[in-house]
Amino acid sequence: MGATEDIDVIHRGFAAFSAGDMATLNDLFTEDAVWHVPGSGSLSGPKEGRDAILSFFGELMTRSGGNLKVELDDVVGGGDHTVAMSRNHASRDANTLDQRAVIVFTLRDGRVAEARQFFEDTALNDAFWD
């Protein structure tokens, strides 16, 4: 697959996440995919395997009371990686989260095989979700 097709996969993934469409998300990840979450919080660390990634997404929704919104700003495709720039919004108890994030994706045969997430403020992200 080329950069254009990989960009389309990422757009579909963000749309599915926003819609809570777990069936589409399930189809967009390889079974052995790994999602890397930076930081030292309770949600940090690698999520190994598609089921662990989808469980992580569910935990984000549970902890935010379902109000996590991820707005995709841009997607750039290259030869080996596809990069998504987004803004994350959520509220939890009296706290709010509003920050930029970058995810570097590696795709294999039209599916996400690896994702490395980076936050504008990793400590803020850790504090919000813990």
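Ranking Thr24, Thr96 by Cβ neighbours within 10 Å, fewest first, what do you get?
Taking fewest neighbouring Cβ atoms as first place, the list is Thr96, Thr24.
Only Cα pairs under 8 Å and 6+ residues apart enter the sum, and on that basis the relative contact order of the stretch 1-78 stands at 30 percent. Ranked for footprinting exposure by Cβ neighbours inside 10 Å, fewest first, Glu114, Glu120 give Glu120, Glu114.
If each residue's Cβ is checked for other Cβ atoms within 10 Å, how do Val76, Val112, Val104 rank with the fewest at the top?
Values: Val76 13, Val112 24, Val104 16.
Starting with the residue having the fewest Cβ neighbours, the order is Val76, Val104, Val112.
Centroid-to-centroid, using Cα positions, the stretch 1-65 and the stretch 101-130 are 9 Å apart. With 5 Å bins beginning at zero, the pair-distance distribution over Cα atoms of the stretch 3-129 amounts to 2, 11, 21, 27, 22, 11, 4, 1, 0 %.
Where a number appears in this text, it was derived from the coordinates with a stated rule and is not lab data. Note that the coordinates shown come from a computational prediction; the quantities given were computed from them, not determined experimentally. Note that each Cβ is placed from the backbone with ideal geometry, even for glycine, and that neighbours are counted across all protein chains shown.
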